[in-house]
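The values are calculated or read from the model by the stated rules, or taken from the named source; none is laboratory data. Bear in mind the structure is a predicted one, so any value in this text is a computation, not a measurement. Virtual Cβ from ideal backbone geometry, glycine too; neighbours counted across all protein chains shown.
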Amino acid sequence: MAAPLDTASWKSETLTRKLILREDCDILTDLIVLRDKGQESDKINQHYKDTRKRQSSSNCEKSWLNSHYNAFKHMDGGKGFLRARRFLDLGCCPGGSSTYVLQNSPEATGIGISLPTESGGYELAIPDTLLPRIEMHMVDLTTYDLAPSISKPTSPVQQLLPLPFETASRDLVICDGQWVLNPDNFQRPWNWTRLQISQLLIALRAVSSDGTMFIRLSSVERTLTGRILLALCRAAIVVRTTKSSQFQAVRSYFYVLVQQIKLESKEYKKLVQALEQLWYIMTFEGEVGYGRDITADDEEAIMSIGELTSEQGLQNIVRLGTPVWNVQYKALSIFLHSKGVF
C-alpha cells in the first residue's frame, strides 16, 4: 500500500529531480518538504491506520458516493465537460461519478465497470431511479484482453475477456479505478501501475474523436505519469489537469481532462501500442509468467527520457502540475497543522 501522504521515494524519480531545480517549480519543492514531514510523523501514520480501520469496519458506500459526487461537481464547475450521451465509467462503484453524469445529462446512458465486492470492490450505491440507464459489469479491469494484437501464452492463468462496448463509441470516459485490499495486489505489487495502464487502454479504445476522457492519475512529477501526460498532449488537442480541493485534497492523485483525441494520428497509435506492451509485461512476463514490474527502459516505449526532460517537456509538466501541486500544498499545510505536526 502507498504511504499515507504519497511520499514514496521522490529522489528515485528522474523527472522530480529535474523539476525541483527549476525556478518556476518552487511549489513542488515546498510540497515535497511537507510530504516528508507527514511521512516522518507518528501522529499522521496513526491517523491513517485509524481511518482505514474505520472504513473497513463500516458500510461507507453512501457517504463515499456523496463525496465523489460533490468532488466531480466541484471539478466540473458548471462547465459541462462531464455531460454525455453515451458514457463509460471505469472503477464505477459506489457510483458518485455516474450519478453526477446521469443526473446532469437526462438523455445519458452508460456502462459501468467495477471490481466485484468479493475481490475488495465497493457496493453499488447509485440511486434506484437512475439504474435503468446504466449497464453494470462487475469485473476486474485488468482482466480484459487489452493487447489483442499481441500473442498470449497458450495457457494463461486467467481467461481474458472481450471489452463490452464498440470501439470509439463513447463521448465520455471516466477512469477512476482505485487500489484496494485484494490478494492479487499483494502478489503483484505493481498492480497499481497495471490498473492505471489498463484504464488508459480501455479509455483510448472507447472514446470517440469528439469525446472526453477524464482520467485519474497520481503524482504529476512521477516519471511514468509525466510520460503519459506528454503523450496525451501529442494525441489530443486539449489536455489540462484539475483536482478537487474539497475531497482527499492532501493526496497526490489528480484528474486529467483530455478532449479532441486524434484517433487516426501516429501519436495516438504509438501511445496505444506502448501501453499494450506495458500491460502485457505486467500481466504475463516475469519468472513464473505472472507478470513483473515495468522498468525505466520499458517506459521508454511511451516517450524517451530525453523528450520528457527537454525544456519544452518540462515546461508542459510545470503547466500541468502547478494547479495540482497548489491544491495539495494548501490542503496538506492545513491538515498537518491541525494534527500538530508543525
D89 passes all but one of (1) in contact with a strand residue (DSSP E or B) (Cβ under 6 Å, 6 or more places away or on another chain); (2) charged (D, E, K, R); (3) modelled with pLDDT under 95; which number fails? (3)
Please specify each residue of the range 56-94 satisfying the condition of being under 16 Å from the mean Cα position of the chain (by Cα) and in a loop (DSSP other than H, G, I, E, B). G91, C92, C93
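For (1) in a loop (DSSP other than H, G, I, E, B); (2) of a type outside the set (A, V, I, L, M, F, W, C), each residue gets a yes or a no:
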residue: R194; (1), (2): no, yes
residue: A203; (1), (2): no, no
residue: T212; (1), (2): no, yes
residue: E221; (1), (2): yes, yes
residue: I228; (1), (2): no, no
residue: T241; (1), (2): no, yes
All conditions in (1) among the β-branched types (V, I, T); (2) without any contact (Cβ under 8 Å) to a residue 40 or more places away in the chain; (3) within 20 Å of I32 (Cα to Cα) are true of V250 except (2)
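Considering only residues that are out of contact with any Lys or Arg (no Cβ under 6 Å at 6 or more places or on another chain) and polar (S, T, N, Q), look in the range 166-183 and name the one that is surrounded by the fewest Cβ atoms within 10 Å (Cβ to Cβ).
Residue satisfying both the conditions and the ranking: Q178.
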For P153: the one exception among (1) farther than 28 Å from E276 by Cβ; (2) assigned to a loop (DSSP other than H, G, I, E, B): (1)
Every residue in the range 125-172 that is out of contact with any Ser or Thr (no Cβ under 7 Å at 6 or more places or on another chain), more than 16 Å from A108 (Cα to Cα) and hydroxyl-bearing (S, T, Y), please. T143, Y144, S149, S151, T154, S155, T167
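So that you can scan it fast, the table gives a plain yes or no per residue for (1) modelled with pLDDT of 95 or more; (2) within 30 Å of V288 (Cβ to Cβ); (3) crowded, with 19+ Cβ neighbours inside 10 Å:
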{"site": "S97", "(1), (2), (3)": "yes, no, yes"}
{"site": "L124", "(1), (2), (3)": "yes, no, yes"}
{"site": "L131", "(1), (2), (3)": "yes, no, no"}
{"site": "I134", "(1), (2), (3)": "yes, no, yes"}
{"site": "T143", "(1), (2), (3)": "no, yes, no"}
{"site": "P148", "(1), (2), (3)": "no, yes, no"}
For A231, are the conditions met, namely being out of contact with any helix residue (DSSP H, G or I) (no Cβ under 8 Å at 6 or more places or on another chain), among the aliphatic types (A, V, I, L, M), buried (at least 21 other Cβ atoms within 10 Å of the Cβ) and touching a residue at least 24 places away in the same chain (Cβ under 8 Å)? no
Mind listing just one residue for me: the one in the range 305-325 that is surrounded by 15 or more Cβ atoms within 10 Å (Cβ to Cβ) and of a type in the set (S, T, N, Q) and, of those, nearest to Q46 (Cα to Cα)? T322
The range 60-84 residues that are farther than 24 Å from G211 by Cβ, paired with ones that are in a helix (DSSP H, G or I) and small (G, A, S) (beta carbon under 9 Å, 6 or more apart): W64/G96; L65/G96; N66/G96; S67/G96; N70/G96
Considering the range 105-117, residues that are under 19 Å from D210 (Cβ atoms) and touching a residue at least 24 places away in the same chain (Cβ under 8 Å), and then whichever is surrounded by the fewest Cβ atoms within 10 Å (Cβ to Cβ), we arrive at T109
Cβ-Cβ under 8 Å, sequence separation 6+ or interchain: first residue in the range 1-21 and modelled with pLDDT of 95 or more, partner of a type in the set (D, E). Which pairs? L15/E221; T16/E221; L19/E221
Taking I317 as the residue in question, decide whether it is under 20 Å from L271 (Cβ atoms), touching a residue at least 12 places away in the same chain (Cβ under 8 Å) and not in a helix (DSSP H, G or I). no
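To keep it simple, each residue is scored yes or no on (1) of a type in the set (V, I, T); (2) part of a strand (DSSP E or B).
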position: T225; (1), (2): yes, no
position: V250; (1), (2): yes, no
position: L257; (1), (2): no, yes
position: E267; (1), (2): no, no
position: V324; (1), (2): yes, no
position: V327; (1), (2): yes, no
position: L332; (1), (2): no, no
Residues that are in contact (Cβ under 8 Å) with a residue 40 or more places away in the chain and farther than 12 Å from I202 by Cα, drawn from the range 141-168: S149, I150, K152, P153, P156, V157
Any chance I302 is closer than 21 Å to T16 by Cβ and either buried (at least 18 other Cβ atoms within 10 Å of the Cβ) or among the hydrophobic types (A, V, I, L, M, F, W, C) (or both): yes
Complete set of residues in the range 281-299 that are assigned to a helix (DSSP H, G or I) and buried (at least 17 other Cβ atoms within 10 Å of the Cβ): I281, M282, T283, F284, D298, E299
